[in-house]
1. Can you name the residue in the stretch 155-191 that is open to solvent by 60 Å² or more (accessible area, probe 1.4 Å) and under 30 Å from Leu131 (Cβ atoms) and is also modelled with the lowest pLDDT among such residues?
2. I need the full set of residues from the stretch 129-143 which are closer than 25 Å to Val111 by Cβ and modelled with pLDDT under 85, in order please.
3. Is it the case, given these coordinates, that Ser108 is out of contact with any strand residue (DSSP E or B) (no Cβ under 7 Å at 6 or more places or on another chain), modelled with pLDDT of 80 or more, of a type outside the set (A, V, I, L, M, F, W, C) and open to solvent by less than 80 Å² (accessible area, probe 1.4 Å)?
4. Quick test for you: out of Leu211, Leu207, pick the one residue that is open to solvent by less than 30 Å² (accessible area, probe 1.4 Å), under 15 Å from Phe100 (Cβ atoms) and at pLDDT 90 or above.
Amino acid sequence: MSLNKLIRSASRLVPIAVRASAGSRWCSHRHHSSAFSATVNGRVKDLQSPRSFPSILHRYSTEISSDESLLKSVEYEIECANDSYSVTEAEEEVPEGFPFKIENRVGSETVSLTREYQGETISVDVYMPNLVTGDEDDDDASNQSSIPLVVKTSKRSGPYLEFGCTAYPDEIVIDSLSVKDPENSEDQIAYEGPDFGDLDENLQKALHRYLEIRGIKASTTNFLHGYMINKDTTEYVEWLKKIQKFLQA
């Protein structure tokens, strides 16, 4: 499976993990619904009996109250999510010296970064953060919040490098590196190199330095961490509003 497919699959789980692990940011509200269950024969039988009308009205009113309950729950969740962040946080300014141009893809799970560096084009797809909260051991990288990144460095023509990275608060881990050729058919299974951790230690350090010089460093990703949390909140609220609009129609 290609890196992009893996990242896209993983990224679908990230917003769920964010909201599950950071539940204190938003209100949780349990929804209770009741179904209108009756077979065609049952309905005919009910209609033939004078006693059927109160039962039908009761079921109908139960459906209405269920919809109203869901709508109120959605509206309550929207209010809680909006209250979770102040206007200043929602409009977080890009710090001075930030090396990338940011393109926020509204309605998607990613943000795109681009820059030019000594004849190269550096592009980064930033995915929703994987938030970790609680009393976990901060020294263990697996227990720290992180952001998945896909970094591409390309020149005017020819192959380009694609890095799969995980950005933690104090370090950036390179998970994979592959050389992509845009002229190769997608049907061809290209050799993507060994596992990054199996590379010579000096080569690993040199590749980390390669990315750092091009702007993939802690000072960059720490800002992106907060930026993506705000995006997750915004996208979540918009998703809730779509449900609200549907229920109000």
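1. Among residues in the stretch 155-191 that are open to solvent by 60 Å² or more (accessible area, probe 1.4 Å) and under 30 Å from Leu131 (Cβ atoms), the one modelled with the lowest pLDDT is Asp170.
2. Here is the first cut: in the stretch 129-143, the residues closer than 25 Å to Val111 by Cβ are 129-133, 141-143.
Leu131, Val132, Thr133, Ala141, Ser142, Asn143, listed by residue number.
3. yes
4. Working: Leu207 fails: under 15 Å from Phe100 (Cβ atoms).
Within the list Leu211, Leu207, the selection yields Leu211.
The values are calculated or read from the model by the stated rules, or taken from the named source; none is laboratory data. Remember, it's a predicted structure, so these values are computed and weren't measured experimentally. All Cβ positions, even for glycine, are placed from backbone atoms using ideal geometry, and neighbour counts span all protein chains on display. When the accessible area is computed, the model is the full protein with side chains, heavy atoms only, and any ligands, DNA or RNA have been set aside. Shrake-Rupley method; radii C 1.70, N 1.55, O 1.52, S 1.80 Å.
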